[in-house]
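The values are calculated or read from the model by the stated rules, or taken from the named source; none is laboratory data. Note that the structure is a prediction, hence the values are computed from the model and not measured. The accessibility values were calculated without ligands, DNA or RNA, using every heavy atom of the protein model including side chains. Shrake-Rupley method; radii C 1.70, N 1.55, O 1.52, S 1.80 Å.
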Amino acid sequence: MAKYTYNGIYTYVRNAVKAEFPEVYVCGVEEPIPPVGLAVQIVETDVRTPSRNVTLDGKDEQWRVAYDVNVYSNKFEGQKTEARDVIRVCEKAFRRLYFLEDSRIPLQRENNRVTRMAARFSRTIGIDDEMPEETP
């Protein structure tokens with residue numbers, strides 16, 4: 001079993017999205033989205049060490065991590081449904097990694113064509129936590 005890493009978490013969720021939506025553009029950084037088609041950004045947005053949960057021996061072998069998922073759909077019709085469907089796939093993948101969904105927000109359109117939905121997932125990861133072996 002593998003330890004939790006940024007690449008491991010990103011790849012796990014990316015593979016889940018690509019399994020359901022093979023033609024989707026997926027990236028792990030905030031970058032301009034393609035002008036046509038479905039796009040997803042899976043970006044680590046927060047990494048910190050919780051100070052209130054230090055062990056008795058003074059070791060702090062855990063961290064809190066959060067990911068933002070931004071889904072962009074520019075379909076002529078059904079774009080809100082498409083964006084929600086992708087968010088649901090991401091939610092299912094993050095749930096298998098024991099993340100909780102903190103928020104899901106439909107955002108104002110950036111132009112007349114692009115619908116955007118954002119969700120945030122977070123969890124506390126312990127030093128000995130291991131990622132699930134099964135693929136999404």
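Could you state the accessible area per residue of the chain in Å², with a 1.4 Å probe and every protein chain left in place? If you can, show how the numbers build up before the last one.
On the way: 8090 Å² over 136 residues.
Dividing the accessible area of the chain by its residue count gives 59 Å².
How big is the shadow of the Cα convex hull of the chain, averaged over all directions, in nm²? Don't skip to the answer; put the middle values down first.
Values: hull surface 34.8 nm².
So the mean shadow area of the Cα hull is 8.7 nm².
Please determine, in degrees from 0 to 90 and to the nearest 10, the orientation of helix 6-20 with respect to the longest principal axis defined by the Cα atoms of the chain, where the helix direction is its Cα long axis.
That helix lies at roughly 40 degrees to the long axis.
Rounded to the nearest 500 deg cm²/dmol, what is the calculated helix-only ellipticity per residue at 222 nm for the chain, with -39500 (n - 2.57) per DSSP H run of length n ≥ 4?
Working: 2 runs with 33 residues, N = 136.
Mean residue ellipticity, 222 nm, calculated: -8000 deg cm²/dmol.
Any idea what the relative contact order of the chain is, in percent, if you count C-alpha pairs under 8 Å spaced at least 6 apart? Kindly include the intermediate steps, with their values, before the conclusion.
Details: 243 pairs, mean separation 39.2, N = 136.
With pairs under 8 Å counted, the relative contact order is 29 percent.
Rounded to the nearest percent, how much of the accessible area of the range 64-111 (1.4 Å probe, protein heavy atoms only) is carbon and sulfur? Please list the in-between numbers first.
Details: 1300 of 2740 Å².
Here it works out to 47 percent.
Can you give the angle from 0 to 90° between the axis of helix 79-96 and the longest principal axis of the chain, with both taken from C-alpha atoms, to the nearest 10?
The two axes meet at around 20 degrees.
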